[in-house]
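Engineer: Sending over a structure as structure tokens; questions will come in a sec.
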Amino acid sequence: MSIWRQLTRGLRTLARRGETDAELNDEVRDYLDRTTAANVARGMSRSAAHRAARLELGNPTVTQERVRNSGWEHGVETLIVDVRYGLRRLRSNLGFTAVSAITLALGVGATTVIFSAINPILFKSLPYPRADHILAVSDVSSGPVTFGTYREILQRSRSFDALAPFKPWQPTLEGGSEPERLNGQAVGSDFFRVLGVMPARGRAFTAAEDRSGGPRVIVISDALWHRRFGGDQAIVGHTITLDDDPWLVVGIMPPSFEDVTDAGADLWMPLQYKTVFTPDDREWGHHLRLIGRERAGVTLAAARADLNQIARAPRPDLPRVPWASLANGLRVESLQDQVAGDVRPALLAVFSAVLVLLVIACVNVTNLLLARGAQRRGEFALRAALGAERGRLVRQLITESMLLSLFGGLLGILVAVAGLRAFVAVSPAGLPHVASMHLDGSALTFGLLLTTVIGLAVGVLPALHASRDDLQAGLQETSRRSVGEHHVTRRVLVVAEVALSLMLLVSAGLLLRSLQRVFAVDVGFDSSNLLTMQVQLTGPRYRQDDAKARFLDEALDAVRRVPGVTEAAFTQQLPLSGEFDVYGVHLERNSDPKDDGAALRYAVTPDYFTAMRIPLVRGRLLNAHDVAGQPRAALINQSFARSEFGADDPIGQRFRFGPDDGQWYTVVGVVGDVKQAIDALDSRKAVYITPSQWHWVDNLVSLVVRTRSASDASSMAPTVRGAIWSVDRNQPVVRVATMSTLVSTATAGRRFALVLFEVFGVAALVLAAVGIYGVLSGSVTERIREIGVRAAMGAAPTDILALILRQGMMLTAVGVALGLIGAAAATRGLVTMLFGVTRLDPPTYVGVVVLLFGVSAVACWMPAWRAARIDPSVTLRAE
Amino acid sequence: MNASRNRTRRMDQPNTDVIQGTLDLLILKTLSLQPMHGFGIARRVEDISRGVFKVNPGSLLVALQRLERQGWLDAEWRQTENARRAKFYTLTRAGRKQLDFETADWRRRANAVARLLSAEG
């Protein structure tokens, strides 16, 4: 009741301030009159009585003030007054307001964008119930695990409620206008239980379905259901055709389901591996990922200890093959960490960069406020003289900067909306959650919180400064004393700004140099005028190797006949595509069966080398005679020749490669090194053979087509695809891209970080220049008189110019010195993103220092020039 | 303007500050006898205490406003003798309960102080 009364009283007072004031006034006057009357009654004269009454009551205005100030509504009134006054001040100085608000808007906007990008990836838990209980298990030696390892963990571990291996599965959906290759996964039957999300319609897989030779059943995503089947309810229980076979749809996942293990997955089938298998079965291949849901009460540390105990102590009833011995143990981490792991360093670096930028923006606004505070000293002095308390002045100033940061924050949210669109547009494929990025509640809260903090941060220093001044002195003169003190603070801020900008610019510079290095890398082939696409041979027709080989021949012939095509070839793995197909090598001349390492396998049609422009170093290329039944011929790359044969001639040497079927490959030639991944500093060993001389013919191959011109390469895709379809209409042709696109995709992650750093770096540079300019030009204004005296005493304009320039360059120099130390420390976080440059790369540092000095010289020049033109007679007369 | 002056005593917050609560108690007690305006309260307190307490008018008006907000007093403007308007304060039921509480509290404290002062070694 009391709070209610307080509230209603307060609101009534606020609403009818005039009336309550009049009442209070009446009450005080009544009190005064009665005291006077009482005094008269005691025999005082009328005037003496009045005087005594006044004395007793004290200053009636002060009394009224005290009564007024006792309610909470007083605080609200003060705030309203402050806000109104603050708004008037901001409006009266529009230039200042605009510059500050825009500076803050850019800072807040950029930080909010980066925050909303990073928040879901790094901090938000995965979209599953009790997501922190989902663990990912991998083999420390190989990464992916074997089915044998999964089987052993399943039998021996007590840490999991559910455990599921999975691998990618890309079936072709027929029917419709074009065959479509879908992204899917083959998963253990407990997969959905591990994630904790069950199909919204139908059911998940049963254990009985997850066995070798089990039924063809699938669960599909809500997206695929709508996209290809029009959301038809009846689809559950019906069959669809994948790879020429009928598959029964048993379930549809809910629309909200997101498969973080493969963001594009649209359908799932049971893994259906054998539980009894021999060492040469696929069950011993390292190609499965493994996730599990922790049993209640099991901690990550306990699960880790449990699995590594299992890894260390094999059991005779669960034999392991040598390559899956788990000798180096198992890695157990949360699925969240595994998903975020790859991009975390880049994102954290970008986030730190944007925070540095924000700090620079704040420093700038603080500088502006300090400069303005110096101009307003007269006003504060006057208000203090009229009885304003210091706390009141500080409060007023902080209200003003809060208003400023509020404007900045609101503008910043607009910037963030636009910025986020740009961010998503330039972000590389593979950055998780990109599609779901938007300004959500947490990002907006973050932005507003940031704004508030900034308002306080940029407001407190200038407010304390302005109110700390000797206000008496401020009334008498507005430019002489305590200006020096302002200057110290502002100079410190400028130095900080220069130092921070240098750190950002060095980071940006290092990334730029890395990217240049990446582009300068010789990929080993001519990437211009090359069109590439992937062809998948699916369905019962292509279960036989000779059928596959025939298709490849016919398709190649058809493609070669397309006008504009000069050469065409197939390869089973394409450089820069992200593929890595590696097999063990055993050289004949190393009689003892030691491990001769592994080499990339390229099963290529003989034209591949001319189509790619890969040079032959010695020997001969593959040719039409290197087919099944003939002695196996192989080309090796220069890295292979150098590391295994040194100065010896490799031609005629023999080696075994891949599964050991007792047959030898003879080296017939050496070709140039080709980068399989653009980020690899050294080329790996590589072996080239024809498809028909390998142990099997691959189902998934890439076509490389050299065209007459670069524009042909991008425009001829439909014609080339048509040529392939003229051989078989039902084979999907996917991942159509020019080789130059592949090159830029391969560098997308680094380029992405680079773009952000460049943007932040340039912004930091501009802000630093504005900061230096602001401080110097403020200093010139304040020193007009001193400069005038100097000029009057005979200082030449060039002397004055030099004086101001020197002052600005000193600040820059100190900032640069500190920034160099900071950059050397800060770039530690960038190391994983650098390529071919060290984090202390001298040219980058020199370049950035020169750039900063140049920019600050420009920023110094204008105030200095203005100072040099000061007319002594005018300034001295004005004094 | 120290903060303690603006604090109000309530039943759930027994106050250890003797001086601070006295003014409220005196106002409540005075108004329990009859409704009165500000000046009347000040005079009555002064008269009854035989001048031991002299109420500062500023503090009195602030205290009246505070007690009114607490709901312990009602205030209304009334015509007085010689046709003048004055703001009269009346004790509410809640105010009476507060007075009882504060009186008991004061007695308890006063007795304790008296016992302490009369203690012999």
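The values are calculated or read from the model by the stated rules, or taken from the named source; none is laboratory data. Note that the structure is a prediction, hence the values are computed from the model and not measured. Counting neighbours? That spans all protein chains shown, and the Cβs are built from the backbone with ideal geometry, glycine included.
Engineer: Output the qualifying pairs, or none if there are none: Cβ atoms under 9 angstrom, residues six or more apart or on different chains, first residue in the stretch B:48-72 and in contact (Cβ under 8 Å) with a residue 12 or more places away in the chain and more than 7 Å from every other protein chain (Cβ to nearest Cβ), second residue in a loop (DSSP other than H, G, I, E, B) and crowded, with 18+ Cβ neighbours inside 10 Å.
Structural biologist: Between residues of the stretch B:48-72 that are in contact (Cβ under 8 Å) with a residue 12 or more places away in the chain and more than 7 Å from every other protein chain (Cβ to nearest Cβ) and residues that are in a loop (DSSP other than H, G, I, E, B) and crowded, with 18+ Cβ neighbours inside 10 Å, the close pairs are B:Ala63/B:Val55.
Engineer: Still on this model: Go through the stretch A:6-16 residue by residue and tally those that are closer than 21 Å to B:Arg78 by Cα and either more than 7 Å from chain B (Cβ to nearest Cβ) or among the hydrophobic types (A, V, I, L, M, F, W, C) (or both).
Structural biologist: 3
Engineer: Here is a follow-up. Which ones in the stretch B:28-47 are away from every other protein chain (no Cβ under 11 Å) and within 11 Å of the chain's Cα centre (by Cα)?
Structural biologist: Matches in the stretch B:28-47: B:Leu28, B:Lys29, B:Thr30, B:Leu31, B:Ser32, B:Val45.
Engineer: Residues A:Ser514, A:Ser527: which one is within 31 Å of the chain's Cα centre (by Cα) and assigned to a loop (DSSP other than H, G, I, E, B)?
Structural biologist: A:Ser527
Engineer: Can you go through A:Arg751, A:Arg708 and tell me which one is over 28 Å from A:Asp243 (Cα atoms) and touching a Gly at 6+ places or on another chain (Cβ under 7 Å)?
Structural biologist: Result: A:Arg708 is the single residue among A:Arg751, A:Arg708 that is over 28 Å from A:Asp243 (Cα atoms) and touching a Gly at 6+ places or on another chain (Cβ under 7 Å).
Engineer: Considering only the stretch A:166-247, give the strands (runs of 3 or more DSSP E) lying wholly within it that have at least 1 residues that are surrounded by 14 or more Cβ atoms within 10 Å (Cβ to Cβ) and free of Cβ contacts under 8 Å to residues at least 24 places away in the same chain.
Structural biologist: It comes to A:239-242.
Engineer: Could you give every pair whose Cβ atoms fall below 6 Å, whose first residue belongs to the stretch A:321-333 and is at positive phi and small (Gly, Ala, Ser), and whose second residue is surrounded by fewer than 15 Cβ atoms within 10 Å (Cβ to Cβ) and modelled with pLDDT under 90, counting only separations of at least 6 or pairs across chains?
Structural biologist: A:Gly329/A:Val140
Engineer: What number of residues in the stretch A:1-37 are modelled with pLDDT of 75 or more and either closer than 24 Å to B:Ile41 by Cβ or among the β-branched types (Val, Ile, Thr) (or both)?
Structural biologist: The qualifying residues number 20.
Engineer: Same structure, new question: Scan the stretch A:667-683 residue by residue and report those that are at pLDDT 85 or above and out of contact with any Phe, Trp or Tyr (no Cβ under 7 Å at 6 or more places or on another chain).
Structural biologist: Passing the criteria: A:Val667, A:Val668, A:Gly669, A:Val670, A:Gly672, A:Asp673, A:Lys675.
Engineer: What residue, of A:Ala499, A:Ala508, is within 19 Å of the chain's Cα centre (by Cα) and at pLDDT 80 or above?
Structural biologist: Selected residue: A:Ala508, the only one of A:Ala499, A:Ala508 that is within 19 Å of the chain's Cα centre (by Cα) and at pLDDT 80 or above.
Engineer: When only residues in the stretch B:71-121 that are under 13 Å from the mean Cα position of the chain (by Cα) and outside any helix (DSSP H, G or I) count, which is farthest from A:Thr35 (Cα to Cα)?
Structural biologist: By that ranking, first place goes to B:Trp72.
Engineer: From the residues in the stretch B:92-121 that are among the acidic types (Asp, Glu) and in contact (Cβ under 8 Å) with a residue 60 or more places away in the chain, which one is surrounded by the fewest Cβ atoms within 10 Å (Cβ to Cβ)?
Structural biologist: Top of the filtered list is B:Asp105.
Engineer: Only one of these conditions is not met by A:Gly749: (1) under 20 Å from A:Val363 (Cα atoms); (2) of a type outside the set (Lys, Arg); (3) surrounded by 18 or more Cβ atoms within 10 Å (Cβ to Cβ). Which number is it?
Structural biologist: The single condition A:Gly749 does not satisfy is (1).
Engineer: Identify the single condition in (1) more than 45 Å from the chain's Cα centre (by Cα); (2) crowded, with 20+ Cβ neighbours inside 10 Å; (3) not charged (D, E, K, R) that A:Ser779 does not satisfy, given that it satisfies every other one.
Structural biologist: Of the numbered conditions (1) more than 45 Å from the chain's Cα centre (by Cα); (2) crowded, with 20+ Cβ neighbours inside 10 Å; (3) not charged (D, E, K, R), the odd one out for A:Ser779 is (1).
Engineer: Would you be able to tell me the number of residues in the stretch A:306-326 that are surrounded by fewer than 13 Cβ atoms within 10 Å (Cβ to Cβ) and of a type in the set (A, V, I, L, M, F, W, C)?
Structural biologist: 1
Engineer: Pick from the stretch B:73-105 the residues that are within 17 Å of B:Gly38 (Cα to Cα) and of a type in the set (A, V, I, L, M, F, W, C): which of them is nearest to the other protein chains (Cβ to nearest Cβ)?
Structural biologist: My answer is B:Ala86.
Engineer: Oh, and also: What residue, of A:Gly822, A:Gly774, A:Gly778, A:Gly761, is under 30 Å from A:Ile678 (Cβ atoms) and either outside any helix (DSSP H, G or I) or among the small types (Gly, Ala, Ser) (or both)?
Structural biologist: From the options A:Gly822, A:Gly774, A:Gly778, A:Gly761, the qualifying one is A:Gly761.
Engineer: Checking A:Ala633 against (1) under 24 Å from A:Ala549 (Cβ atoms); (2) touching a residue at least 40 places away in the same chain (Cβ under 8 Å); (3) surrounded by fewer than 17 Cβ atoms within 10 Å (Cβ to Cβ), which single condition isn't satisfied?
Structural biologist: Going through (1) under 24 Å from A:Ala549 (Cβ atoms); (2) touching a residue at least 40 places away in the same chain (Cβ under 8 Å); (3) surrounded by fewer than 17 Cβ atoms within 10 Å (Cβ to Cβ) one by one, A:Ala633 breaks only (3).
Engineer: Out of all the residues in the stretch A:659-675, which are assigned to a loop (DSSP other than H, G, I, E, B) and surrounded by fewer than 20 Cβ atoms within 10 Å (Cβ to Cβ)?
Structural biologist: Correct list: A:Pro659, A:Asp660, A:Asp661, A:Gly662, A:Gln663, A:Trp664, A:Gly672.
Engineer: Answer yes or no as to whether A:Ala361 is touching a His at 6+ places or on another chain (Cβ under 6 Å), surrounded by 18 or more Cβ atoms within 10 Å (Cβ to Cβ) and in a helix (DSSP H, G or I).
Structural biologist: no
Engineer: I need the full set of residues from the stretch A:713-739 which are modelled with pLDDT under 85 and part of a helix (DSSP H, G or I), in order please.
Structural biologist: A:Ala713, A:Ser714
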